[in-house]
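Visitor: Please see the structure below; I have some questions.
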Amino acid sequence: MRLETGLTLHVLEWGPEQAPPLLCLHGFLDNAWTWAPLTDAGLQDFRVIAPDLRGHGDSDRVGGGGYYHFFDYLPDVAGLVDALALDRVAVVGHSMGGTVASYFAGAFPERVTALALLEGIGPPQDDADPVARVRGWVEAWRRRVGQQPSALPNLDAAAKRLQAADGLLSVELAQRLARLGTHELPDGRRRFKHDPLHLTRGPYPFRAEVAEAFWRQVQCPVMYVEGEQSSYRALGSEIDRRLACFGRVERHTLPNAGHMLQRHRPELLAELLDRFLRT
């Protein structure tokens, strides 16, 4: 779908076109197919709309001179909602996509009916030296610009790469996501679709006080879901402090799930989302 930002986003849809819309935003180095297990498990009464965010999956990369900051995704999300003629929409965001979703809900509270954050309350605060960070960003950009992700020998190797990053990912689902998330090269090797610029550390650290200004503007009900085995829970009481910025919020922990909880417990997550969205 071509947007006013000049980028074309690849968008997946499940469910009836006239059903209540549910916009799903994936996380860092992921893509829209991450939501397939969830839609397979439930949510049949919703129109699930899942874009590949810029620089991910089959959507456009930003091109020469461009980069990927959290706020750069907002015009894409707003443009997609407008292009689909959605006056109001429920939004689900995982990890990075959750942060983007919360910014959108804070900037445009009249457009969002419900907000579900799957461990999407922002990364840890980064208090590193900003000058050193910018210097490292420039140097990393010089190394990465114009590069392609490293090629892997075959589909099995790509699937094992996904499992190495996600210890709870099943072999079957790893194969499926690897097939959909990579390009096959003429020699049979596989290359993940994301822009290598994502692998550079951006110049702007996450600042909770900036995010909190958006969270306090959110007017809709909010649900926060975390994985029982996720390392993200190490944020501890900081999660409580951030969630307190929302007016109405409920919190759930999925057993036997890590950070990629939409892959690990799709049935239970679909049940939670269905109940939350209906109420």
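Visitor: Every residue in segment 141-153 that is touching a Leu at 6+ places or on another chain (Cβ under 8 Å) and in a helix (DSSP H, G or I), please.
Guide: Hits for segment 141-153 are Trp141, Arg144.
Visitor: One residue is enough: does segment 69-84 have a residue meeting the conditions open to solvent by less than 10 Å² (accessible area, probe 1.4 Å), out of contact with any helix residue (DSSP H, G or I) (no Cβ under 9 Å at 6 or more places or on another chain) and of a type in the set (A, V, I, L, M)?
Guide: yes
Visitor: Name the residue that is farthest from Val225 (Cα to Cα), counting only residues in segment 89-130 that are part of a loop (DSSP other than H, G, I, E, B) and without any contact (Cβ under 8 Å) to a residue 40 or more places away in the chain.
Guide: The qualifying residue farthest from Val225 (Cα to Cα) is Asp129.
Visitor: Take segment 30-65 and flag every residue that is over 16 Å from Ala174 (Cα atoms) and of a type in the set (A, V, I, L, M, F, W, C).
Guide: Ala41, Leu43, Phe46, Val48, Ile49, Ala50, Leu53, Val62
Visitor: While we're on this one: For segment 160-279, please list each of the helices (runs of 4 or more DSSP H) lying entirely inside it that holds at least 3 residues being open to solvent by 30 Å² or more (accessible area, probe 1.4 Å).
Guide: The helices (runs of 4 or more DSSP H) meeting that bar are 171-181, 208-215, 237-243, 266-278.
Visitor: Let me ask you something else. Between Asp58, Asp30, Asp82, which is at pLDDT 95 or above, of a type in the set (Asp, Glu) and under 14 Å from the mean Cα position of the chain (by Cα)?
Guide: Just a single option satisfies the conditions, and that option is Asp30.
Visitor: Restricting to segment 9-52, count the residues that are open to solvent by 10 Å² or more (accessible area, probe 1.4 Å) and in contact with a Ser or Thr (Cβ under 7 Å, 6 or more places away or on another chain).
Guide: The total comes to 3.
The values are calculated or read from the model by the stated rules, or taken from the named source; none is laboratory data. Computed from a prediction, not measured in an experiment: that's the story for all the values here. Backbone-built Cβ (ideal geometry, glycine too); neighbour counts: all protein chains shown. Areas reflect the complete protein model, heavy atoms only, side chains present, ligands, DNA and RNA absent. Shrake-Rupley method; radii C 1.70, N 1.55, O 1.52, S 1.80 Å.
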